[in-house]
1. Against the conditions (1) touching a Ser or Thr at 6+ places or on another chain (Cβ under 6 Å); (2) of a type in the set (Ser, Thr, Tyr); (3) open to solvent by less than 30 Å² (accessible area, probe 1.4 Å), where does residue 274 fall short? Just the number, please.
2. Restricting to the range 835-855, name every residue that is touching a Lys or Arg at 6+ places or on another chain (Cβ under 9 Å) and either open to solvent by less than 10 Å² (accessible area, probe 1.4 Å) or under 22 Å from residue 285 (Cα atoms) (or both).
3. Take residue 715 and tell me if it is more than 24 Å from residue 629 (Cα to Cα), assigned to a helix (DSSP H, G or I) and either without any contact (Cβ under 8 Å) to a residue 24 or more places away in the chain or under 27 Å from the mean Cα position of the chain (by Cα) (or both).
4. Among the candidates 307, 362, which residue alone is in a helix (DSSP H, G or I), away from the ligand (no atom under 14 Å from the Cβ) and in contact with a helix residue (DSSP H, G or I) (Cβ under 6 Å, 6 or more places away or on another chain)?
5. I'd like the full set of residues that are touching a residue at least 60 places away in the same chain (Cβ under 8 Å) and among the aliphatic types (A, V, I, L, M), limited to the range 439-481.
6. Before we move on, is residue 341 within 13 Å of the ligand (Cβ to nearest atom), free of Cβ contacts under 8 Å to residues at least 24 places away in the same chain and either surrounded by fewer than 23 Cβ atoms within 10 Å (Cβ to Cβ) or not charged (D, E, K, R) (or both)?
7. List the number of the failed condition for residue 350; all other conditions in (1) among the basic types (Lys, Arg); (2) open to solvent by less than 20 Å² (accessible area, probe 1.4 Å); (3) outside any helix (DSSP H, G or I) hold.
8. For the list (1) under 26 Å from the mean Cα position of the chain (by Cα); (2) crowded, with 23+ Cβ neighbours inside 10 Å, I need the number of the one condition that residue 200 fails.
Amino acid sequence: MSEAPGQAAASPSTPASAPQRPAPPQVIRREDYCPPAFGIDRVELRFELDEDVSTVHATLALRRAPGAAAAAPLVLDGEGLVLRSVAIDGRTLGPEAYAQDAATLTIAAVPDVFELRTVVEIRPQDNTELTGLYRSSGNYCTQCEAEGFRRITFFLDRPDVMARYRVTLAADRTRYPVLLANGNRVAAGELPGGRHFATWDDPFPKPSYLFALVAGDLRCHAGEFTTASGRRVRLEIWVEPENIDRCEHALRSLQRAMLWDEQRFGREYDLDIYMIVAVSDFNMGAMENKGLNIFNAKYVLARPDTATDDDYEAIEKVIAHEYFHNWTGNRVTCRDWFQLTLKEGLTVFRDHWFSADMGSPAVTRIAEVLALRTAQFAEDSGPMAHPIRPESYVEMNNFYTATVYEKGSEVIGMLRTLLGDAGFRRGMDLYFERHDGQAVTCDDFRAALADANGRDLEQFGRWYSQVGTPVLRARTTHDPATGRFTLRLEQAPPLAAGAGREAAPLLHIPVAMGLLAPDGSSLPLQLVGEAAASPGETRVLELREQAQSFEFVGVQEAPAVSLLRGFSAPVELDYPRSDDELARLMGADPDAFARWDAGQELARRVLLRLCDDAVAGRELVIDERLVTACGRVLADPRLDGSLKALALTLPNERILGQHQTIVAVEGLHRARQFVVRALAEALQGPLRAIYSETAPRGPYAITQPEIDRRRLHNLALGYLAALGDDASVALAVAQFKDADNMSDSQEALACLIEVGGPVREAGLAEFHARWRGDALVLDKWFTLQAVSGHPDTLERVLALAHHPDFTLANPNRTRALLASFGLRNQFHFHDASGRGYQLLADKVCELDPHNPHVAARLVSAFNNWRRFDSGRQAAMHAQLQRIAGLPGLSRSTQEIVARALV
Ligand code: ZN
């Protein structure tokens, strides 16, 4: 009789033969930080790259840190390395002199100053995790942040160990003609056996996470930039040969970013060469390795027929982001990974500012806030809620989050608001001056800003440890007799606060605001006791107490209050104002963001009421105020096309769901579909007129007016197609056929997919036939189907998971289908049958052994499971438990699932 494995010796009295349980994952805590016991001055690496086994020879100049225990052993990080030899000061160590386990190499007795040589073997071709040294499309590349360098060689793999690197790569000359690493190329030549080598030297000390190398058959699109001080920098974009005609936009974006950082922040580039390599298999967006950025090809390659306007903008933003890291991240880096927002929040803030300067500040800001509310607010109210500076983690890769990045950027934005542009710049200057070449903390950053401005930012510092989205409550009273208007602001802990958050310490919150008279004009802003009104139509109130009242004088008629202009703080606003007040703000607020936000709030109210009606089985009737407001927006000559398109895009179902205790999955979908159709019917005339007025009048151009025009054009098409009448469908069919660019083509196809039937099949077939050989465009084909609202979307997605072009081996493809479905399609992913859950869980289980980082991202689609009704809760819970029970589950996925199940 056979026994099931694991039951064989399940007797608790025989622990020696008990089933192997993985050790509970180790929690790393911020409070446990200890400086390293050794420093590394110089690193010399030699890579022998080979198809079967690659060899890494490392020579490290080590020295015991001042103050470190004299007898402390040397403990190096190293994972999955086959150790061939280890030597100290030229003497090879016997096996008794060191100990290796799954994560470390420990050498018990070492001198205070010495040279360590190790030789290890690795197999990059088998590396499916895509961290460390791996292969993509037959080329070698690396990804070391956060802890990938230890998968290449034994090292003190932590950001506060900064060293100078010299790197030699040797490989087959025909297969790998291009050999790149950080810094400057100082030697190159032939080797026997058809091999060649190149040696690179990086003069700047850097942490190991910024190490990079690339070897492969690549082509270079080159350019140049002359710095403010007159140094010429060579710029190189390296891509696979067939993509060489898609690099110009990335190059121009880089040049714009370099100029902008000089003009805004006085920061020049510091090496003679800046390289960007585009790879097809990449876990994240891009990586800022010193002088040698490695990018997900998605954020480099663009040609009008393959990339949308959004793609062009995303490329410019990511190129800039990685470039800006050269100062905020590389020259000044993080002491430990808990400080991640030091570089990421700050660099996101810088790329936001750059995007605003390059394009439309209002449109940029609206897109940022939309992303923040959709992803970060959701994260902040679920099991992964954490401060922008986390207190603990199990797997660092799980903390590259919307909170660390986007909320982190909002926190920097509040500092800019509080200090003003000049004060903020003074603070940044001092930060660079004090800390260039160092690994520092968020507190160091805040201290530099405070010191440069003589300001106390102590209370502000609580934003770094605060969890959840705080609520800003506003109440007003007006006394027409005295002309006094009182605004009472109160801060409250997050609505979704868990135990212990009630005593949240008081935050320092900048609230940008203004007052509008009934005729829409801006009122002077004078507080009682002030001699005169503050200059301008906006002022920033600083809320530091639990509650504060601000009393304005000279307010004769009840004003509309414009609060959180520019979204001056990452909070949830609780201000029960009338629909009429919202309509007034929508029409007249001088702050474009606030105008948009008022419209969103109005639409949200309408949609949530209709959702209730739908759930209760009542007849749905459109609120005429929304129709009127949308009609006004369409007709408003002051608004550009992008702003109109944003204003007319209803809040998505995920954001709406955040405003419900239990997400009404079907009700929200029905309500939103209903309003789209109702608006399309009511505004048919203007929409048709706009569609033809905004028709393309020349070949594709990526200029702001043209982008604005296309956005409005496609918004109109989307509404018209929702009518589903022959004439409107014909417009979509024609646009799909005639488009000379991917924006128009993709939007038309999205409409055809919603329409369904033969036009959908024809469109999808044609798109697939045309682009099947182009991975990035084919990703769009998967995504459009995954995010569709069409009734048979779930069936589609289930079928697409078996499509010959679908693969879990490529992160972009995985995300294109599964993350799009699980994280962006609330209605169909949460299908009451539970089959969406089943699919996602199946794929997580399948992917986890190969790429735990991407699997952990996918599984987070279940994070908000408690927000749904009991049937859905049970179904998601069962999937989470199934995943949790998977033998050998990765630390990454395990951490997310465990937090979700708590
Ligand atoms: Zn970054």
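1. Residue 274 satisfies every listed condition except (1).
2. Just the residues of the range 835-855 that are touching a Lys or Arg at 6+ places or on another chain (Cβ under 9 Å), to begin with: 837, 841, 845, 852, 854-855.
837, 841, 852, 854, 855, listed by residue number.
3. So residue 715 fails the test.
4. Working: 307 fails: in a helix (DSSP H, G or I).
Step by step, each of 307, 362 is checked, and only 362 is in a helix (DSSP H, G or I), away from the ligand (no atom under 14 Å from the Cβ) and in contact with a helix residue (DSSP H, G or I) (Cβ under 6 Å, 6 or more places away or on another chain).
5. 439, 440, 467, 471, 472, 474
6. It is false that residue 341 is within 13 Å of the ligand (Cβ to nearest atom), free of Cβ contacts under 8 Å to residues at least 24 places away in the same chain and either surrounded by fewer than 23 Cβ atoms within 10 Å (Cβ to Cβ) or not charged (D, E, K, R) (or both).
7. For residue 350, the failing item is (3).
8. Answer for residue 200: the failing condition is (1).
The values are calculated or read from the model by the stated rules, or taken from the named source; none is laboratory data. Everything numeric here is computed off the predicted structure, so don't read it as measured data. As a convention, Cβ positions derive from the backbone with ideal geometry for all residues, glycine included, and neighbour counts pool all protein chains shown. Each accessible area value is taken on the protein alone, full model and side chains, heavy atoms only, with ligands, DNA and RNA left out. Shrake-Rupley method; radii C 1.70, N 1.55, O 1.52, S 1.80 Å.
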